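Remarks on the structure that follows.
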Amino acid sequence: MELSGQKDLFIPFSELYHAFDPQEIRLDQTNFNIEKTDKSLVIQNGDKTKEIILEPGPGVFNKEAEKVALYKYLRDLFEDELDWGVLTGVKPVKVFKKAASLGLDPQAYFKDRLLISPQKTELVREIYERQKQALSAYGDDYLSLYVGIPICPSKCSYCSFVSTVADKKGVLVSEYLKNLKEEIRFSRDYLKRWNKKIASVYIGGGTPSVFDPQQTRELLATLKSELEIPETCEFTFEAGRPDTTSRELLEVLKDNGVNRICLNPQTFHDKTLKAIGRNHTAQDVIDTFKAAKDVGFSSINMDLIFGLPGESEAEILDSLKTATALKPENITVHNLSVKKGSRLKEE
């Protein structure tokens, strides 16, 4: 979508527009413009111009008033409403939590300000209450430790994370591991100085399984020797790609305290995997999942992405059916969000 005018509003407009109309059939791409004044947005679409007044609000997230105005314009244009109202590209529970922290009535804010349906508002409220109850077991002296490995065997087309591709000789991976172990030692000093305790550990990426079994063993040994990690805490390793997750690696993880892994197929269609830059097949994912169960993992998460390029609704449902048939303990579903820095955005 190529637009002129108020450029900082194009991303929220594009996200909302495609929620109403993925094919862009009602957008005049030769004459579309958004201009912002102090009190309104003026939107020109072809030979029609409409002014929407900006309604001041609490400003829970960036460009809140502008996004509400854009949504109202599109709602009138399509004579339709979205269950999630204004929200795109953001975690609803995070917005709900922030609204509550600002002293707002988050349910009223969701329904009246963000124009979210009562059903979705109630769903978010339920999740928020469950999360609050789970977190209440830990006080301010607890934290969750995230260990980032921003290196991958290849870069997925949708990825906008700060990461790089491993070199064939493994120099980058070895150098990163050396410095990561040193940073873990610095973290030990921080935890002691501020009297913090670890509630959970998550090793993510990138692709942490880009470390070979011996390097992974070194990493886990450093974590256990330098930090006080309770044996009962959730300890997750993102073994996201089967092309880097061998049975030997799974055994190293299991033998060194990891009790939860994430295996992320994103889709179970080989043509899509190839298109997004994955060097494995859907069957490889299934085989790795079975190997993880055989090794003894009783908590496995699988990620799926809905809306990958070229996938039909039937293919999306087929991937979901395949994932549920495997019976992982968790399935996380993401809607594709094309962000700056990804190859998809550039294409």
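The values are calculated or read from the model by the stated rules, or taken from the named source; none is laboratory data. If you're wondering where the values come from, they're calculated on a predicted model, not measured in any experiment. No Cβ is skipped: glycine too gets one built from the backbone with ideal geometry, and neighbour counts run over all protein chains shown.
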Leading residue by the ranking (farthest from Tyr190 (Cα to Cα)) among those in the range 201-243 that are part of a strand (DSSP E or B) and of a type outside the set (Ser, Thr, Tyr):
Glu238
Search the range 304-328 for residues that are more than 20 Å from Ala292 (Cα to Cα) and touching a residue at least 60 places away in the same chain (Cβ under 8 Å) and pair each with any residue that is surrounded by 11 or more Cβ atoms within 10 Å (Cβ to Cβ) and of a type in the set (Phe, Trp, Tyr) when their beta-carbon atoms are under 8 Å apart and the residues are at least 6 apart or on different chains.
Ile305/Tyr158; Leu308/Tyr158
Suppose we filter the range 315-334 for residues that are farther than 12 Å from Asp303 by Cβ and not in a helix (DSSP H, G or I); how many remain?
2
So which residues in the range 296-331 are β-branched (Val, Ile, Thr) and surrounded by 13 or more Cβ atoms within 10 Å (Cβ to Cβ)?
Ile300, Ile305, Ile316, Thr322, Ile331
For Lys192, the lone unmet condition from (1) outside any loop (DSSP other than H, G, I, E, B); (2) closer than 29 Å to Val171 by Cβ is (2)
Please give the number of the condition Pro265 fails out of (1) over 19 Å from the mean Cα position of the chain (by Cα); (2) free of Cβ contacts under 8 Å to residues at least 60 places away in the same chain; (3) over 24 Å from Leu177 (Cβ atoms).
(1)
Step by step: first the residues of the range 269-281, then only those that are in contact with a helix residue (DSSP H, G or I) (Cβ under 6 Å, 6 or more places away or on another chain) and crowded, with 18+ Cβ neighbours inside 10 Å, then the one that is farthest from Glu238 (Cα to Cα). Which residue is that?
His269
Could you tell me whether Gly85 is of a type in the set (Gly, Ala, Ser) and in contact (Cβ under 8 Å) with a residue 24 or more places away in the chain?
yes
Index of the failed condition, Leu54 passing every other in (1) at pLDDT 90 or above; (2) within 28 Å of Ile127 (Cβ to Cβ); (3) among the aliphatic types (A, V, I, L, M); (4) surrounded by fewer than 17 Cβ atoms within 10 Å (Cβ to Cβ):
(2)
Mind checking which pairs have a first residue in the range 95-107 that is in contact (Cβ under 8 Å) with a residue 40 or more places away in the chain and a second that is in a helix (DSSP H, G or I) and not basic (Lys, Arg), Cβ under 7 Å, 6 or more apart or different chains?
Ala99/Pro106; Ala99/Tyr109
Could you list, in sequence order, all residues of the range 71-126 that are acidic (Asp, Glu) and either within 22 Å of Ser14 (Cβ to Cβ) or in contact with a Cys (Cβ under 8 Å, 6 or more places away or on another chain) (or both)?
Asp76, Glu79, Asp80, Glu81, Asp83
Which condition does Gly257 not pass, out of (1) among the small types (Gly, Ala, Ser); (2) part of a loop (DSSP other than H, G, I, E, B); (3) over 26 Å from Tyr176 (Cα atoms), if it passes all the others?
(3)
Is it true that Gln214 is surrounded by fewer than 16 Cβ atoms within 10 Å (Cβ to Cβ) and either more than 14 Å from Val147 (Cα to Cα) or at pLDDT below 95 (or both)?
yes
